[in-house]
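Asks: Quick one: this structure, given as structure tokens, is what I'll be asking you about.
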Protein chains: 2
Amino acid sequence: ADAAAGRAKAVQCQACHGLDGISKLPDAPNLAGQNEDYLVKALHDFKTGERKNELMSTVVKPLSDADIANLAAFYHSLKP
Amino acid sequence: ADAAAGRAKAVQCQACHGLDGISKLPDAPNLAGQNEDYLVKALHDFKTGERKNELMSTVVKPLSDADIANLAAFYHSLKP
């Protein structure tokens, strides 16, 4: 996975999760340093509908498996 | 919420999430320093079935709202 490509994709995540991975809203989780496997699963589950959240379900829809892997690598790489 | 009471309850969380809030398994998230509101919502959603995970759904079932608030306060209080 390519963390730099993930950072580029993460511009659409930053309003809630920050480009630093520190949440900007009380009900959005911090992502900095989070387990990479967990992040891949979370994004995948939002995409399939296994996990539900109105906003996440919408933003995840256009992401490819590579996008998801890159985003997970990026947020995992950040210092919490 | 009472973080000390949360720490006592967290003995049942430690195999996966650690008493330090640092995940012990690749597919379990780190919880140390996580947003308190997010943690309350996650536990609540596992309890209602809005969010699904075989293990979490089982362990969350006996938790009261106070237990959930205390666990969220405890994990939020830890340094990531």
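Asks: Starting at the first residue of the range A:51-62, write each ³J(HN,Hα) from the Karplus equation 6.51 cos²θ - 1.76 cosθ + 1.60 with θ = phi - 60°, in whole Hz, x for Gly and Pro.
Replies: Once rounded to whole Hz, the list reads 10, 10, 7, 3, 6, 4, 4, 6, 6, 7, 3, x.
Asks: Quickly work out the B:Gln14-to-B:Ser77 label distance, labels modelled 7 Å from Cα along the C-beta direction, and quote it in nm with one decimal.
Replies: Going by the 7 Å Cα→Cβ label model, 1.6 nm.
Asks: Long-range amide H contacts for A:Leu31: which residues qualify at under 5 Å (H placed 1.01 Å from N, peptide plane, sequence gap of 5 or more or a different chain)?
Replies: The answer is A:Ile22, A:Ser23.
Asks: Taking Cα centroids, how far is the range A:5-39 from the range B:14-80 in Å?
Replies: Using only Cα atoms, the two centres lie 19 Å from each other.
Asks: In addition: Placing the label point 7 Å from Cα along the Cα-to-Cβ direction, what are the distances from A:Thr48 to the equivalent spots in the other copies, shortest first, in nm to one decimal?
Replies: 2.3
Asks: Using Cα positions and a limit of under 23 Å, work out the lysines in reach of A:Lys47, with same-chain residues fewer than 8 apart set aside.
Replies: The reachable lysines, counting only those whose Cα sits under 23 Å from A:Lys47, are A:Lys9, A:Lys24, A:Lys61, B:Lys41, B:Lys47, B:Lys52.
Asks: Follow-up question, since we're still on this one. Can you send over the carbon and sulfur percentage of the accessible area for the range A:3-77, probe radius 1.4 Å, protein chains only?
Replies: Roughly 58 percent of what the probe reaches on the range A:3-77 is carbon or sulfur.
Asks: Shifting gears a bit: Once the label point is set 7 Å along the Cα-to-beta-carbon vector, what list of distances in nm do you get between A:Ala8 and its counterparts in the other copies?
Replies: List, nearest first: 5.4 nm.
Asks: From the phi angles alone, apply the Karplus equation (6.51, -1.76, 1.60; θ = phi - 60°) to the range A:23-35 and give each ³J(HN,Hα) in whole Hz, x where the residue is Gly or Pro.
Replies: Along the range A:23-35, the couplings run 4, 9, 9, x, 9, 9, x, 5, 10, 4, x, 5, 3 Hz.
Asks: Something else about it: Within 10 Å of each candidate Cβ there may be at most 14 other Cβ atoms; applying that plus a DSSP loop requirement, which GluC sites (Glu not before Pro) in the range B:32-68 survive?
Replies: Filter output for the range B:32-68: B:Glu50.
Asks: Which residue, B:Ala15, B:Ala32, B:Ala69, tops the fluctuation ranking in a GNM of chain B built on C-alpha contacts under 10 Å?
Replies: Looking only at B:Ala15, B:Ala32, B:Ala69, the largest GNM fluctuation is found for B:Ala15.
Asks: Using a 10 angstrom cutoff on alpha carbons, build the Gaussian network for chain A and name the most mobile of A:Leu31, A:Leu63, A:Leu43.
Replies: So, out of A:Leu31, A:Leu63, A:Leu43, the one fluctuating most is A:Leu63.
Asks: May I pose another question? Can you tell me, using C-alpha contacts under 8 Å and at least 6 residues apart, the relative contact order of chain A as a whole percent?
Replies: RCO, chain A: 48 percent.
Asks: Assume the label is 7 Å from Cα along Cα to beta carbon: what separations in nm does B:Ser64 have to the matching positions in the other copies?
Replies: With the label placed 7 Å along Cα→Cβ, B:Ser64 yields 5.2 nm.
The values are calculated or read from the model by the stated rules, or taken from the named source; none is laboratory data. Quantities reported herein were computed from a predicted structural model and do not represent experimental measurements. Using ideal geometry, Cβ is built from the backbone for each residue, glycine included, and neighbour counts are taken over all protein chains shown. Quick note on the areas: whole protein, heavy atoms, side chains included, nothing else; ligands and nucleic acids left out. Shrake-Rupley method; radii C 1.70, N 1.55, O 1.52, S 1.80 Å.
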